[in-house]
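The values are calculated or read from the model by the stated rules, or taken from the named source; none is laboratory data. Note that the structure is a prediction, hence the values are computed from the model and not measured. So basically every Cβ, Gly included, is an ideal-geometry build from the backbone, and we count neighbours across all protein chains shown. Only protein heavy atoms, including side chains, enter the accessible area calculation; ligands, DNA and RNA are left aside. Shrake-Rupley method; radii C 1.70, N 1.55, O 1.52, S 1.80 Å.
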Amino acid sequence: MGRKFFGTDGVRGTANQYPMTAEMALRIGTAVGRYFRNDGQNNHRVVIGKDTRLSGYMFENALTAGLTSTGMNVLLLGPVPTPAVGLLTTSMRADLGVMISASHNPAQDNGIKFFGPDGFKLSDEVEAEIEALIESGVEPAQAVNIGRAKRIDDGRFRYIERVKSSLPSSVPFKGLKVVIDCANGAAYKAAPEALWELGAEVIEVGTQPDGLNINRDCGSTYPQTAAEAVVAHGAHVGISLDGDADRVMILDENGKVADGDQIMALLASRWAQQGRLKGGALVATVMSNLGLERFLEGQNLRLERTAVGDRYVVEAMRKGGFNLGGEQSGHIVMTDYATTGDGLMAGLQFLDAMVETGRQASDLTQQFETVPQMLKNVRFAEGQTPLEAEPVKAAIKAAETALAGQGRLLIRKSGTEPLVRVMAECEDAALLETTVDSIVGAVEAAL
């Protein structure tokens, strides 16, 4: 069964435009409440977290109304990182976890992500069943069985303690000057507090949310701001999170950015040396650089590739018994400690490596030489299907022929935005640019 509302990471779109309307959130809350409260008992609960978007208030209220109408009891966490919802769903014995966030998207967008009782994101099959309930509608609970809602004040502190516990107790960060960019998002309190409690000198960036400035000129999708702060303050390292803090970019002492591939390479190598890397493999998506694959092969390790989306990475990790995976975009998944990508936790693991090895960030962020990679996005309007156009198909076929034996090509529709993503890798920079531009031009002409 296909999915109509759910993308690669929940439901997402522009606030107050279908499907991200208050009415739709009410229907979604009712459907998911009925799905997870299907045994007639009255002790079911759901935790709801959100980032700092203005529309979060509207969706929080709408979801709460829908969930309580089915008899679910709602625990409102307020602004917390997405990984906190995954962790708290299990630790608070909830049947369901909900995160209201559009991650790295601009403030006018929002989204709804779900975690099952095991703390992991829902499968495609479960989302399809929930969609069927959204469209068919469900019977509300009897008046005496309507659920209750209350705010929980200690969710952030529970999360901070869990994150800190992922580190050896003997590894304080005293003496480290760290820039933390929270993207004016969900971790604006948790991340600086955790770093300070671990002994670091903390320089805060992006910790003044106003409901409209999330991800604006800051965060992991705009690391320039954190890079400038690292250089200006003479910091040892920068940690740049996205709006819901499930992804991270690391900046060295010179302000140079390291993406998720370099961080995963470092962790995989260290964990393998320490006997901690399960299955002798790292799980990453088709977007990860070919240089990462070559690096791992040199360490007698494997790269297991998946479709794009951190939940597909997690599914492959659970199926194969692996404990480290992630995405080039900065989702780093460590299932020994968390159920989804956790930018803050990954940042702490990097600081741990700095302290243990005594090496500078610039030494640790350059684990391998990347194969030249180019990614360009083309935005399309609702109803348009540019990848089905014959000229686009012909351009893709010609590019694949040109790159044969020299690189690789990946064309896909984004699961979170109306974009066609055109990515290629090739040692020949001129050929790389030509092939990508030829496809981009064909897609734009088809719109």
With respect to residue 420, determine if the residue is on the phi < 0 side of the Ramachandran plot and within 27 Å of the chain's Cα centre (by Cα). yes
Checking residue 436 against (1) farther than 16 Å from residue 372 by Cα; (2) not in a strand (DSSP E or B); (3) not charged (D, E, K, R), only one condition comes out false. Which one? (1)
Residues of region 84-103 being more than 17 Å from residue 35 (Cβ to Cβ), open to solvent by 20 Å² or more (accessible area, probe 1.4 Å) and not β-branched (Val, Ile, Thr), which ones? 91, 93
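When region 45-88 is examined, which residues are found to be of a type in the set (Val, Ile, Thr) and over 13 Å from residue 156 (Cα atoms)?
Looking only at region 45-88, we keep the residues that are of a type in the set (Val, Ile, Thr), and these are 46-48, 52, 64, 68, 70, 74, 80, 82, 85.
46, 52, 64, 68, 70, 74, listed by residue number.
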Quick one: which of 117, 81, 106 is open to solvent by 10 Å² or more (accessible area, probe 1.4 Å), of a type outside the set (A, V, I, L, M) and closer than 18 Å to residue 212 by Cα? 106
For residue 313, work out the one condition from (1) outside any loop (DSSP other than H, G, I, E, B); (2) surrounded by fewer than 18 Cβ atoms within 10 Å (Cβ to Cβ) it doesn't fulfil. (2)
Positions within region 280-308 being farther than 23 Å from residue 407 by Cβ and either at pLDDT below 95 or in contact with a Phe, Trp or Tyr (Cβ under 6 Å, 6 or more places away or on another chain) (or both), in sequence order: 281
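Within region 372-390, count every residue that is part of a helix (DSSP H, G or I) and in contact (Cβ under 8 Å) with a residue 40 or more places away in the chain.
Qualifying residue count, region 372-390: 2.
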Selection count where residues are open to solvent by less than 20 Å² (accessible area, probe 1.4 Å), outside any helix (DSSP H, G or I) and closer than 25 Å to residue 77 by Cβ, scope region 168-199: 8
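For region 120-134, give me each residue that is out of contact with any Phe, Trp or Tyr (no Cβ under 9 Å at 6 or more places or on another chain) and open to solvent by 70 Å² or more (accessible area, probe 1.4 Å).
125
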Output for Cβ contacts, cut-off 6 Å, separation at least six or different chains, first residue closer than 14 Å to residue 235 by Cβ and at pLDDT 95 or above in region 186-204, second among the basic types (Lys, Arg) and open to solvent by 10 Å² or more (accessible area, probe 1.4 Å), reads 201/177
Picking from 257, 237, the residue that is under 20 Å from residue 187 (Cβ atoms), open to solvent by 30 Å² or more (accessible area, probe 1.4 Å), touching a strand residue (DSSP E or B) at 6+ places or on another chain (Cβ under 9 Å) and at pLDDT 95 or above would be 257
Please go through region 50-68 and give me each residue that is outside any helix (DSSP H, G or I) and either of a type in the set (Phe, Trp, Tyr) or open to solvent by less than 10 Å² (accessible area, probe 1.4 Å) (or both), ordered by number. 51, 53
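In region 251-271, which residues are in contact with a Gly (Cβ under 7 Å, 6 or more places away or on another chain) and farther than 14 Å from residue 313 by Cβ? Spell out the reasoning first.
Residues of region 251-271 that are in contact with a Gly (Cβ under 7 Å, 6 or more places away or on another chain), as a first pass: 251, 259-260, 264.
Selection gives 251, 259.
Could you please give the count of residues in region 139-151 that are open to solvent by less than 40 Å² (accessible area, probe 1.4 Å) and modelled with pLDDT under 95?
Initial filter on region 139-151 (open to solvent by less than 40 Å² (accessible area, probe 1.4 Å)): 141, 147.
Now narrow it down to the ones that are modelled with pLDDT under 95: 141.
Number satisfying all stated conditions: 1.
Counting just the residues of region 372-390 that are polar (S, T, N, Q) and surrounded by fewer than 17 Cβ atoms within 10 Å (Cβ to Cβ), which one comes out nearest to residue 433 (Cα to Cα)? Lay out the reasoning, then the answer.
So the first thing to find is which residues in region 372-390 are polar (S, T, N, Q), and the list is 373, 377, 384-385.
Within this subset, residues satisfying the condition of being surrounded by fewer than 17 Cβ atoms within 10 Å (Cβ to Cβ) are 377, 384-385.
Working: 377: 14, 384: 25, 385: 24 Å.
Among residues in region 372-390 that are polar (S, T, N, Q) and surrounded by fewer than 17 Cβ atoms within 10 Å (Cβ to Cβ), the one nearest to residue 433 (Cα to Cα) is 377.
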Keeping to region 73-92, report how many residues are of a type in the set (S, T, N, Q) and within 16 Å of residue 243 (Cβ to Cβ). 1
Which residue pairs have Cβ atoms under 7 Å apart, sit 6 or more places apart or on different chains, and have a first residue in region 133-146 that is under 15 Å from residue 32 (Cα atoms) and a second that is of a type in the set (Lys, Arg) and assigned to a helix (DSSP H, G or I)? 133/34; 134/27; 138/34
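Here's the yes/no breakdown for (1) open to solvent by 30 Å² or more (accessible area, probe 1.4 Å); (2) in a helix (DSSP H, G or I); (3) farther than 30 Å from residue 433 by Cα:
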site: 317; (1), (2), (3): no, yes, yes
site: 330; (1), (2), (3): no, no, no
site: 336; (1), (2), (3): yes, no, yes
site: 340; (1), (2), (3): no, no, yes
site: 351; (1), (2), (3): no, yes, yes
site: 370; (1), (2), (3): yes, no, no
site: 392; (1), (2), (3): no, yes, no
In this structure, does residue 44 turn out to be touching a residue at least 40 places away in the same chain (Cβ under 8 Å), farther than 20 Å from residue 246 by Cβ and either touching an Asp or Glu at 6+ places or on another chain (Cβ under 8 Å) or open to solvent by 50 Å² or more (accessible area, probe 1.4 Å) (or both)? yes
